[in-house]
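Colleague: Right, I'll just put the structure down here and ask away after.
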Amino acid sequence: MEVIVSDQQPQTAAAKAFLAAGAKKMLIGGDWSEAESGERLDSRDPANDSVLGSVPRGGAADVDKAVKAARQAFDNGVWRNMTPDDRGRILWKVAELIESNIDELAELETLDQGKPLFVGRWAEIPGAAMQFRYFAGLTSKIQGETITPSINYQPPGKNIFAYTQKEPIGVVGAITPWNSPLVLEAMKIAPCLAAGCSMILKPAEDTSLTAIRLGELILEAGVPEGVFNIVTGLGPEAGQALVEHPDVDKITFTGSTATGRTILETAARSNLKKVALELGGKSPSIVMDDAEMDIAIPGVANAIFFNTGQVCVAGSRLYIHKAVYDKVLAGVADIATNMKLGHGLDPDVQIGPLVNRTQADRVKGYIDGGIAAGAEVVVGGEQCGDTGNFITPTVIANTRQDMSIVQEEIFGPVVVAAPIDSIDDVPAMANASRYGLAASVWTQDISRATRLASAIKAGTVWINCHLMFDASLPIGGYKESGWSRDSGIQAIDHYLETKTVCAVV
Ligand code: ADP
């Protein structure tokens, strides 16, 4: 397939100015810095491989400087001892600044990541602002408990008084992926700063530009110097140095299960810092025979093709009741066939490039492996564009549960379909995965829906919808999809320690 990637330029003056300003720097202790090594990494537009700019290739020395700055800002209390109300006002201001710069941020995200403009403009960047507003409101709701213990050996005439107090955990390292950069960064920065911690963010090497712009906005909002730092660079260099650093109290990570495992091992070998992991998925979309077809068919197509399939909770396994199998498969294939591929800045484009050639080759490799194992490509399956970074939306049938295309996370616009005979088969099929991130169930029967929602081992189950995100809804996984949850009221607890104070008075 021919993909026309015309020379798309950003429309906003602010995006043009940000790019024209040239080489970007890292944020350490309130200063914009080069890497100690002086080395840089190119930022590329994945639609045409043109160079957008460059970022410093940070390493262990830069991480050490950033950790020292974050530690100093934590210890001097400039942020954690600010009143919760004042901290909340500043985080609220970050949300407002994201919103007032939303067109610029959406264009930069599309240029750097490849995503269709509407994904950033209408879903992810409003979602990032919402994270800051949600956790701004929680700064003033961090509270412990008073407890009445049953200890009976205190001195006569004395009473026991006990309470818990919540304290910020300290210096946090956040390591984030390239698929939805800004919103996934916001899901970590907002609760972390709301709790009173300091942070060093290591954004993904392919998509660091909007993190740098966000850093500017965070400073502009009034977050004190050293509280929020950014070290750009490669995972095995800057990322690993952050995980190894003995003065980092916690790592919060979103990315692949393989890298999550490496991070866990590294953290265990260093200071046993706490680790939160939001990892991969292979989430089933399950369409029953009584589903509302005009909602279910576009719904399950969107579940896999949104953001070009580069979504950890994408509905990448499609299980369809045999009575409606042909209809649903044909409907999803039809949508896939008619989607427009191209540069994400073209407002009509629904499928952009994958983030880089390595990722596109990987996705194509899965498709070819599936064909070799006997699966049938109903539609799509092509790698295209001058750069080879595009994959046509792909629907694959004739699959078996043991195929790697059914078991492994492809992270591209590729869905594998299989029929189901009855509702009784669904839990076993849905749960036959090492992942447990999300699922969706499409049926008008509420008792079927809630029964399946209980039986499916996943952190999120959507009913008659998929990809419904909100700062109030926890997201995270069962099984090898990770530990702990981002978003939701409990997310702030991941950045807090509980101290028990027990007194005889
Ligand atoms: P991918 O392999 O698709 O790039 P990853 O899960 O490896 O996805 O990347 C997510 C984030 O993890 C990125 O910011 C990346 O730089 C970082 N990363 C990769 N390897 C390591 C590592 N060994 N230690 C720490 N961070 C890493």
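Colleague: As I understand it, the dipole of segment 388-505 uses +1 on the Cβ of Lys and Arg and -1 on the Cβ of Asp and Glu, about the Cα centre. Which of 404, 420, 439 lies farthest toward its positive end?
Modeller: Checked the options; the winner is 439.
Colleague: Using the Cα centre as the reference, give the magnitude of the dipole from point charges on the C-beta atoms of the chain (Lys, Arg: +1; Asp, Glu: -1; all else neutral), rounded to the nearest 20 debye.
Modeller: 1600 debye
Colleague: Rank the residues 102, 456 as a footprinting-exposure proxy: fewest other Cβ atoms within 10 Å of their Cβ go first.
Modeller: Fewest-to-most Cβ neighbours within 10 Å comes out as 102, 456.
Colleague: My understanding is that a pair violates if its Cα-Cα distance is over 27 Å; which of 274/457; 25/479; 65/273; 93/274; 68/273 do that in this structure?
Modeller: 25/479; 93/274
Colleague: Can you give the charge dipole size of segment 386-505 about its Cα centre, rounded to the nearest 20 debye, using +1 on the beta carbon of Lys and Arg and -1 on the beta carbon of Asp and Glu?
Modeller: 280 debye
Colleague: Quick check: the angle from helix 357-372's long axis to the longest principal axis of the chain, C-alpha only, nearest 10 degrees?
Modeller: For helix 357-372, the angle is close to 50 degrees.
Colleague: Still on this structure: Taking just the alpha-carbon atoms of segment 160-296, what radius of gyration and Dmax come out, in angstrom?
Modeller: Gyration radius and largest Cα-Cα distance of segment 160-296: 18.1, 63 Å.
Colleague: When the expected Rg is taken as 2.2 N^0.38 Å, what fraction or multiple of it is the alpha-carbon Rg of segment 367-505?
Modeller: Rg over 2.2 N^0.38 Å, computed on Cα atoms: 1.39.
Colleague: Excluding residue 486 itself, calculate the net charge of residues whose Cβ lies under 9 Å from the Cβ of residue 486, where each Lys or Arg counts +1 and each Asp or Glu counts -1.
Modeller: My count for the surroundings of residue 486 gives +1.
Colleague: Which longest run of the chain has no exposed loop site in it, a site being trypsin sites (Lys or Arg not before Pro) in a DSSP loop with at most 14 other beta carbons within 10 Å, and the site itself not part of the run?
Modeller: The answer is 159-339.
Colleague: On to the next question. In debye, nearest 20, what is the charge dipole magnitude of segment 440-505 about its Cα centre with +1 on Lys and Arg Cβ and -1 on Asp and Glu Cβ, if you could check?
Modeller: In total the dipole reaches around 240 debye.
Colleague: What's the local net charge at residue 498, with K and R +1, D and E -1, over the other residues with C-beta under 12 Å away?
Modeller: -2
Colleague: Related question: What percent does the relative contact order of segment 135-186 come to when contacts are Cα pairs within less than 8 Å and at least six residues apart?
Modeller: About 30 percent, as a whole number.
Colleague: How far is helix 181-194 tilted, in degrees, relative to the longest principal axis of the Cα atoms in the chain, given as a value from 0 to 90 rounded to the nearest 10?
Modeller: The answer is roughly 20 degrees.
Colleague: Once the other residues with Cβ under 14 Å from the Cβ of residue 255 are scored (Lys, Arg +1; Asp, Glu -1), what is the net sum?
Modeller: Net of charged neighbours comes to -4.
Colleague: Same structure again: What is the Cα coordinate range of segment 211-274 on the first, second and third principal axes, sorted by size from largest, in whole angstrom?
Modeller: Over segment 211-274, Cα extents along the principal axes are 37, 23, 17 Å.
Colleague: Okay, next question. Using Cα pairs under 8 angstrom and six or more residues apart, how large is the relative contact order of the chain, in percent?
Modeller: Relative contact order here is 18 percent.
Colleague: Once you place label points 7 Å from the Cα toward the Cβ at residue 450 and residue 337, how far apart are they in nm?
Modeller: 4.1 nm
Colleague: Hey, got the Cα dimensions of segment 221-311 along the principal axes, in Å, largest first?
Modeller: Computed over the Cα atoms, the extents are 55, 36, 21 Å.
Colleague: Can you find, among 8, 296, 164, the residue sitting farthest towards the positive end of the charge dipole of the chain, where Lys and Arg contribute +1 and Asp and Glu -1 at Cβ?
Modeller: Selected residue: 164.
Colleague: Are there chymotrypsin sites (Phe, Trp or Tyr not before Pro) in segment 104-179 that DSSP marks as loop and that have at most 12 other Cβ atoms within 10 Å, and which are they?
Modeller: In loop regions of segment 104-179 (DSSP not H, G, I, E or B), the sparsely surrounded chymotrypsin sites (Phe, Trp or Tyr not before Pro) are 153.
Colleague: Compute the separation of the alpha-carbon centres of segment 86-163 and segment 274-340 and state it in Å as a whole number.
Modeller: First find each Cα centre; the distance between them is then 31 Å.
Colleague: Still on this structure: Please report, to one decimal in angstroms, the Kirkwood hydrodynamic radius of segment 147-208 built from all distinct Cα-Cα pairs.
Modeller: So the Kirkwood estimate lands at 15.0 Å.
Colleague: Under 12 Å from the Cα of residue 340, which aspartates and glutamates turn up, not counting those fewer than eight places away in the same chain?
Modeller: Straight-line reach from residue 340, under 12 Å: 2, 348.
Colleague: Going by alpha carbons, how many degrees (0 to 90, nearest 10) lie between the helix axis of 102-113 and the longest principal axis of the chain?
Modeller: Tilt relative to the chain: about 60 degrees.
Colleague: Going by the alpha-carbon gyration tensor, a ≥ b ≥ c the square roots of its eigenvalues, is the chain rounded (a/c under 1.5) or, if a/c is not under 1.5, prolate (a/b greater than b/c) versus oblate?
Modeller: Judged from the Cα gyration tensor, the chain comes out oblate (a/c at least 1.5, b/c at or above a/b).
Colleague: Let me ask something else about it. What is the fewest-to-most order of 494, 466 by other Cβ atoms lying within 10 Å of their Cβ?
Modeller: Going from least to most buried by this count: 494, 466.
Colleague: Averaging sequence separations of C-alpha pairs under 8 Å and six or more residues apart, then dividing by the length of segment 187-303, give the relative contact order as a whole percent.
Modeller: 19 percent
Colleague: Please give the FRET efficiency for residue 470 paired with residue 265, using the beta carbon to beta carbon distance and R0 = 45 Å, rounded to the nearest 0.05.
Modeller: The value I calculate is 0.85.
Colleague: I've got another one for you. Could you tell me whether segment 301-394 comes out rounded, prolate or oblate from its Cα gyration tensor? Rule is a ≥ b ≥ c as square roots of the eigenvalues, rounded for a/c under 1.5, then prolate if a/b exceeds b/c, otherwise oblate.
Modeller: Note, shape of segment 301-394 comes out oblate.
Colleague: Still on this structure: Could you tell me which of rounded, prolate or oblate describes segment 1-99, using a ≥ b ≥ c as the square roots of the eigenvalues of the alpha-carbon gyration tensor, with rounded for a/c under 1.5 and, failing that, prolate when a/b is larger than b/c and oblate otherwise?
Modeller: Cα axes put segment 1-99 in the oblate bin.
Colleague: A follow-up question, please. Note down the nm distance, to one decimal, between modelled labels 7 Å out along Cα→Cβ at residue 164 and at residue 100.
Modeller: That separation, rounded to one decimal, is 4.0 nm.
The numbers here are math on the coordinates, done by the rules we state, and not lab data. Please read all numbers here as calculations on a predicted model, not as lab measurements. Methodologically, a virtual Cβ is constructed for each residue, glycine included, from the backbone with ideal geometry; neighbour enumeration extends over all protein chains shown.
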